[in-house]
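For reference, the structure is listed below as structure tokens.
The values are calculated or read from the model by the stated rules, or taken from the named source; none is laboratory data. Small disclaimer: the values here were computed from a predicted structure and weren't measured. With ideal geometry, Cβ positions are generated from the backbone for all residues, glycine too; neighbour counts draw on all protein chains shown. Remember, those area values only see protein heavy atoms, side chains included, never the ligands or the DNA or RNA. Shrake-Rupley method; radii C 1.70, N 1.55, O 1.52, S 1.80 Å.
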Amino acid sequence: MRHLIDPTDLTVAETEQIVALAEDIIANRAKYSEACRGKKLATLFYEPSTRTRLSFTAAMLELGGQVIGFSDANSSSVSKGETVADTVRVIRCFADIIAMRHFKEGAPLVASQYAGIPVINAGDGSHAHPTQTLTDLVTVHAEKGRLFGLKVGVVGDLKYGRTVHSLLNALLRYEGNSFVLISPRELRLPEYMLQAIKQKGGKAVETADLQEYMSELDVLYMTRIQRERFSDADEYERLKDSYVLTRDKLGSTKEDMIVMHPLPRVNEIAADVDKDSRAKYFEQVNYGKFARMSLLLTLLKDGGASGETKLGGTLTQKSCPNPRCITNAEPSLEKLSIFDGGTERCAYCE
Ligand code: CP
């Protein structure tokens, strides 16, 4: 049984197989049109989404399968207090695979322990968004021809931005990639991510200036300042327009640099950039459907009926200080930390 909770749940070889399969699907659509006939995907979305949910839906339909689920937690028994564990024990009676988005960090990991069918993390709080990462890897590979030796600028909300955390973790596994971390001081990359970059021998510089390294970049990955992650509305108002990419700011960039964005955008990319050949964010959405088709095929091929699964590693009982962690929302969950590479972290949300 395979799940996808974090991008690094897949080995580099498996990731590359998924990217290659996505590219084969793009080239041979008809070959895959019945590949998931008789299979059902359940999309359990506790948090709003346009791209991820509809992309999963389109992916399963294009593979000949069917889709059930909810797009609003208030329309499910979650609103009556049902736990994630109980919800997925029910869903496994109806579906072959689950894609879950949740505002609590670690919720898809909890789901994977109880579902007995493959679980895909479709975004959990500010923790991880591995299918966006697969989307981004397919985009970079298709547009740049490689996943190594790239200078990647990531811009905006690096503190809460799960797409950035997942993408950095994935690109750190390839030789020669280096990162420019562009954010206001208040939204710097979390310390555990900076440590992860250091431990993996990655090269990264931090700056608050969008233009400082622009001419050196192969990929410029813009992100939104996310209103929904702020507890202080005044701080959001102060930071929301920290970076606005306009076409004139692209003047100093390489001709073949690409601009990506997981979307939705608010103000951070001006409409005049859309016309520039370097703008790839709408192509990126399309690549995302093929990345998810490839992932569904891969996990359904590997997954069979299975019982409940347990967390691995050296575990100790310890409360998590993160208020957004699922263990602080569902008291019945055991609070566990894990020792990993000499550091201790929450087994669910870090
Ligand atoms: N990129 C992304 O996750 O978009 P949605 O929130 O619309 O799914």
Cα pair distances in segment 186-263, grouped into 10 Å bins until the bin that holds the longest one, percent each | 14, 39, 37, 10
For the chain, built as a Gaussian network whose Cα springs stay under 10 Å, the top-fluctuating residue of Gly123, Gly313, Gly65 | Gly313
Please give the FRET efficiency for Leu61 paired with Asn267, using the beta carbon to beta carbon distance and R0 = 30 Å, rounded to the nearest 0.05.
-> 0.35
Table column - 3J(HN,Hα) (Hz), segment 98-109, Karplus curve with 6.51, -1.76, 1.60, x for Gly and Pro | 10, 10, 10, 10, 9, 6, 9, 6, x, 4, x, 5
With label points set 7 Å from each Cα along the Cα-to-Cβ direction at Thr246 and Thr343, the distance between them in nm comes to 3.9 nm
Segment 237-301 - charge dipole about Cα centre, Lys and Arg +1 at Cβ, Asp and Glu -1, debye rounded to 20 = 340 debye
At 1.4 Å probe size, with every protein chain present, just tell me what the per residue accessible area of segment 243-300 comes to in Å².
-> 39 Å²
Stretchable slack from Lys80 to Leu54, in nm (0.36 nm times residue separation minus alpha-carbon distance) | 6.8 nm
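Rounded to the nearest percent, how much of the accessible area of the chain (1.4 Å probe, protein heavy atoms only) is carbon and sulfur?
Numbers: 7320 of 14850 Å².
So the carbon and sulfur contribution to the accessible surface is 49 percent.
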Net dipole in debye of the chain [+1 Lys, Arg Cβ; -1 Asp, Glu Cβ; about Cα centre; nearest 20] = 640 debye
Alpha-carbon radius of gyration plus Dmax, which is the widest Cα pair, for segment 93-132 in Å = 9.7, 30
Computed label-point distance, nm, for sites Arg238 and Arg89 using a 7 Å Cα→Cβ extension = 4.7 nm
If you check each cysteine of the chain for another cysteine whose beta-carbon is under 4.7 Å away, which ones come up empty?
-> Cys36, Cys93
Within the chain, the percent of DSSP beta bridges that are antiparallel, given to the nearest 5, stands at 20 percent
How big, in percent, is the set of alpha carbon pairs in segment 224-302 lying more than 15 Å apart?
-> 67 percent
Candidates per chymotrypsin sites (Phe, Trp or Tyr not before Pro) in segment 1-108, loop by DSSP, up to 14 other Cβ within 10 Å = Phe94
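What are the GluC sites (Glu not before Pro) within segment 165-269 that DSSP puts in a loop, where the Cβ has at most 13 other Cβ atoms within 10 Å?
Glu175, Glu212, Glu255
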What number, in percent, do you get for the relative contact order of the chain if the mean sequence gap of Cα pairs under 8 Å and at least 6 apart is divided by its residue count?
-> 20 percent
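Using the heavy atoms of the protein chains alone and a 1.4 angstrom probe, what is the accessible area of segment 22-153 per residue in square angstrom?
36 Å²
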Please report, in whole Å, how far the alpha carbons of segment 1-88 spread along each principal axis, starting with the longest.
-> 45, 28, 24
Mind jotting down the three principal axis lengths of segment 129-267 based on Cα atoms? Whole angstrom, largest first.
-> 42, 36, 26
Non-local residues with an amide H under 5 Å from the amide H of Tyr221, with H modelled 1.01 Å from N and Pro and chain starts lacking one, are Gly153, Val154, Val155, Met260
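Quick check: convex hull over the Cα atoms of the chain, volume per residue in Å³, rounded to an integer?
Hull volume over Cα atoms, normalised by residue count, gives 133 Å³.
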DSSP loop trypsin sites (Lys or Arg not before Pro) with at most 10 other Cβ within 10 Å excluded, longest remaining stretch of the chain | 38-309
The answer for Gly65, listing residues at least 5 apart or on another chain whose modeled amide H is closer than 5 Å to its amide H, is Cys36
Treating every alpha carbon of segment 23-154 as one equal point scatterer without solvent, the Debye formula yields log10 I(q)/I(0) values at q = 0.10 Å⁻¹ of -0.37
